[in-house]
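J.: Okay, here's the structure, questions in a sec.
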Amino acid sequence: MRLPAQPVDEEPPAGVQIADAEREDVQLLFHGDHSSAAARVGLEQNGRHYREQPPPGSERHLVRCRWEQRVGTTPHVQRVIPDNCADILVTADGRAVLVGPSTHVELPRLPAGTLIRGLRFHPYAVGTAFRLDATELTDRAIDLDTVLGVAEARAVAERIWTGDLANTWQRTEPDRATAGIVRALTSPGAPSVDAVADRAGYSPRHLRRVVRAETGLSPKTLSRVARLHDFLRAAEGGVTSLGRAAATAGYADQAHASREIRALAGLTPRDLLAERSLG
């Protein structure tokens, strides 16, 4: 992803065609810090509005949340950090893009007036939901009709736009063993890959192969990303110092946290928290 060449408060010459999956500006557009299980009622800052809602009960085994993003009269560059998930993004013209799990930070530019509605999938459900090896989606954005076919993609996009999602994936079940493995790898104080493999009755090599096929990410990446979000929740939830937040998230020390967070988010922990507090 190219960094923006001009200040955030200037309109880019051509804007970002969010629905055009051939442009790299689409990459990982809304894989922001929305990884917690609880859906947000809404967040309004500087003319931008982001809202998460829980999916229908019939879809919760695959879908983490549905969401909407609006940008007001000022263009916005958004820092998008990995969250282990995949999203479908739908724009007002009916175009739909499937955005795969990310391994690095992105800085997409959102033009004034942007309106996108989306659906976010649990990490362990990515391969199952789209009937493919999830590594085909890693760090990619693809037109949904390429993955599902034109008719099915159109129907899914319409359901996402209207919010009528009940029973869309009701008969699609993720592998329970894989779901348990991913939950273990992304839990606070997660055990080692070898320990998780032993509990699951897999060899470490087989576990890595299964996890990558279903999530698009390696076990190590899943754990690193989850630890980043654990740090953010601790630091923004009342933990009084960066060192304590790092320890709560499971980093060896504050220096370890600084290296890992900068690698994933593009900023030091202090700068990242400052940026987020400004919206």
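J.: Counting pairs of alpha carbon atoms under 8 Å apart in space and at least six apart in sequence, what relative contact order in percent does the range 147-279 give?
T.: It rounds to 15 percent for the range 147-279.
J.: Scaled to the compact-protein estimate 2.2 N^0.38 Å, what is the alpha-carbon radius of gyration of the range 128-261, rounded to two decimal places?
T.: Relative to the rule-of-thumb radius for its length, the range 128-261 sits at 1.29.
J.: Let me ask something else. Highest first, please rank the peptides 171-177, 265-271 by the mean number of other Cβ atoms sitting within 10 Å of their residues.
T.: In descending order of packing, they fall as 265-271, 171-177.
J.: Still on this structure, please answer the following. THR268 versus ASN167, label points 7 Å from Cα toward the beta carbon: distance in nm?
T.: Spacing of the two 7 Å Cα→Cβ label points: 5.6 nm.
J.: For the range 180-215 and the range 47-77, write down the distance between their C-alpha centroids in whole Å.
T.: Result: 29 Å between the Cα centres.
J.: Roll a 1.4 Å probe over the protein chains and send me the accessible area per residue for the range 78-233 in Å².
T.: 41 Å²
J.: Then there is this: Highest first, please rank the peptides 212-218, 91-97 by the mean number of other Cβ atoms sitting within 10 Å of their residues.
T.: Output ranking for 212-218, 91-97: 212-218, 91-97.
J.: Rank-order 136-146, 239-249 by packing density, defined as the average count of other C-beta atoms within 10 Å over each peptide's residues, highest first.
T.: 136-146, 239-249
J.: For the range 104-186, go through all pairs of different Cα atoms, get the mean of 1/r, take its inverse, and jot down that Kirkwood value in Å.
T.: 15.0 Å
J.: For LEU107, put the label point 7 Å out on the Cα→Cβ axis and report which residues of the range 243-279 keep their amide N under 15 Å from it.
T.: 262-268, 271-272, 275-276
J.: Once you place label points 7 Å from the Cα toward the Cβ at ARG154 and ARG131, how far apart are they in nm?
T.: Placing both labels 7 Å along Cα→Cβ, they lie 1.8 nm apart.
J.: How many angstrom separate the Cα center of the range 153-175 from the Cα center of the range 90-131?
T.: Cα centres, the range 153-175 to the range 90-131: 15 Å.
The values are calculated or read from the model by the stated rules, or taken from the named source; none is laboratory data. If you're wondering where the values come from, they're calculated on a predicted model, not measured in any experiment. Note that each Cβ is placed from the backbone with ideal geometry, even for glycine, and that neighbours are counted across all protein chains shown. Protein only, heavy atoms only, side chains kept; ligands, DNA and RNA dropped before computing areas. Shrake-Rupley method; radii C 1.70, N 1.55, O 1.52, S 1.80 Å.
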